[in-house]
Amino acid sequence: MKITRRKAMALGTAGALFAVFGSRINRAHASAEEIDAALKAFAEGAEIGEGQVSLTTPEIAENGNTVPISVEVDSPMTEDNHVKSVMVLADGNPNPEVITFNFTAASGVATAKTRIRLAKTQNVIAVAKMSDGSVHMAKNQVKVTIGGCGG
Amino acid sequence: MASKPRVKVPKKAKAGDIITIKTLISHKMESGQRKNKKGEKIPRKIINRFAATFNGTEVFSADIDPAVSANPYLEFRVKVNESGTFKFLWVDDDGSEYTTEKKITVG
């Protein structure tokens, strides 16, 4: 088959369109599988329980560019029994990972605050891993008025 | 460009106190999701790690992803039993490291 200039142009345009929209669809938000995979990797085989973790988020965030969040995990924080890390995920962002806090027995209290970006209304998830390997999670929905991912 | 890390640590504390530390660094935290006017993606450039050490021992750290806001703010607690120096470290995607120190007197 001879490829004429016209055909080549048409193919090129189709390809470019696919590349643009294809990537849009993929990157629109994290899939449920991505969240599951991130949770599984973090839990390292432990069953994920509820409770012990309290996640504080605003009910409505007017500006998704900077949403204050606060995590606190109930733990005595001793050498033998402390919170090792807390991973924060957002299921409606292009990438689900937000931040992972790593605590030590010297933390005294397993609590941390930061400000995050949320692309749209979605769930924010906090999962805590204890020194004994057990894993607990908490989930909050945040309503976002103006998304925070630009472009 | 990132610059001027700002950290708040109490100057004095009693032994066994759990103090609150607040940190902020000026950084754009370019997420890698935004596009410029030509529709090209602006490459990601963020602070990807933060660590706090007290007298040489790491007491808190954070692995940071692009979903953390520009000028990343972190607040956390540390239990202090002795006087000493806190060192704070921020690591940029381009490999640069920004550091600052604060002293605390524990009596």
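Calculate, in nm to one decimal, what residue B:17 and residue B:89 gain on full extension: separation in residues at 0.36 nm each, minus their alpha carbon distance.
23.6 nm
Just how far, in whole angstrom, is the range A:31-89 from the range B:34-70 if you go by their alpha carbon centroids?
18
For peptide A:111-123, what's the mean number of Cβ atoms from other chains within 10 Å of each residue's Cβ? Can you show the working numbers first?
Working: counts 5, 6, 6, 11, 9, 6, 9, 2, 3, 0, 0, 0, 0.
Going residue by residue through A:111-123 and averaging, the value is 4.
Exposed loop GluC sites (Glu not before Pro) only (DSSP loop, at most 15 other Cβ atoms within 10 Å): please give the longest stretch of chain B free of them, not including the sites. Could you put the intermediate results ahead of the total?
Numbers: sites that count: B:40, B:82.
Here the longest segment lacking exposed loop sites spans B:41-81.
With θ set to phi - 60°, apply the Karplus curve 6.51 cos²θ - 1.76 cosθ + 1.60 along the range A:50-62 and write out the HN-Hα couplings as whole Hz, x wherever there is a Gly or Pro.
Karplus values, whole Hz, x for Gly and Pro: 9, x, 6, 9, 10, 10, 10, 9, x, 5, 10, 10, 6.
Got a sec to turn the phi values of the range A:31-42 into Karplus ³J(HN,Hα) couplings, 6.51 cos²θ - 1.76 cosθ + 1.60 with θ = phi - 60°, whole Hz, x for Gly and Pro?
Using θ = phi - 60°, the values come out as 7, 4, 5, 4, 5, 4, 4, 5, 5, 4, 4, 6 Hz.
What FRET efficiency, computed as 1/(1 + (r/R0)^6) with R0 = 30 Å and r the Cβ-Cβ distance, is obtained for residue A:54 and residue B:42, rounded to the nearest 0.05? Mind showing how you got there, number by number?
Numbers: r = 36 Å, r/R0 = 1.20.
The computed FRET efficiency comes out at 0.25.
With 24 Å as the cut-off, how large is the P(r) tail for the range A:57-151, expressed as percent of Cα-Cα pairs? Don't jump to the answer; show the numbers that get you there.
Values: 1129 of 4465 pairs.
Beyond 24 Å sits 25 percent of the P(r) for the range A:57-151.
So, for the range A:77-151, what is the accessible surface per residue at a probe of 1.4 Å, expressed in square angstrom? Write out the running numbers ahead of the final one.
Working: 2570 Å² over 75 residues.
Roughly 34 Å² per residue, with all protein chains present.
Under 5 Å between amide hydrogens, which residues at least 5 positions from residue A:85 or on another chain qualify, with H placed 1.01 Å from N in the peptide plane?
Under 5 Å from the amide H of residue A:85: A:103, A:129.
Return the single residue from B:81, B:48, B:36 with maximal mean-square fluctuation; model: Gaussian network over chain B, springs between Cα atoms under 10 Å.
Greatest mean-square fluctuation among the candidates belongs to B:36.
Looking at the calculated P(r) for the protein assembly as shown, what percent of the C-alpha pair distances fall above 26 Å? Display every interim value, and only then the final one.
On the way: 15370 of 33153 pairs.
Considering the protein assembly as shown, 46 percent of its Cα-Cα pairs are separated by more than 26 Å.
Once phi is turned into θ = phi - 60°, what whole-Hz ³J(HN,Hα) does the Karplus curve with 6.51, -1.76 and 1.60 give for every residue of the range A:96-102, x standing for Gly and Pro?
Per-residue couplings from phi come out as x, 5, 10, 6, 10, 8, 10 Hz.
What value does chain B have for Rg/Rh, both radii from Cα atoms and Rh as Kirkwood defines it?
Numbers: Rg = 16.1 Å, Rh = 14.9 Å.
My calculation of the ratio gives 1.08.
The values are calculated or read from the model by the stated rules, or taken from the named source; none is laboratory data. None of these values were measured; they are calculated from a predicted model. Neighbour counts run over all protein chains shown; Cβ positions are idealised from the backbone, glycine included. The protein model used for the area step is the full one, side chains on, heavy atoms only, and it has no ligands, DNA or RNA in it. Shrake-Rupley method; radii C 1.70, N 1.55, O 1.52, S 1.80 Å.
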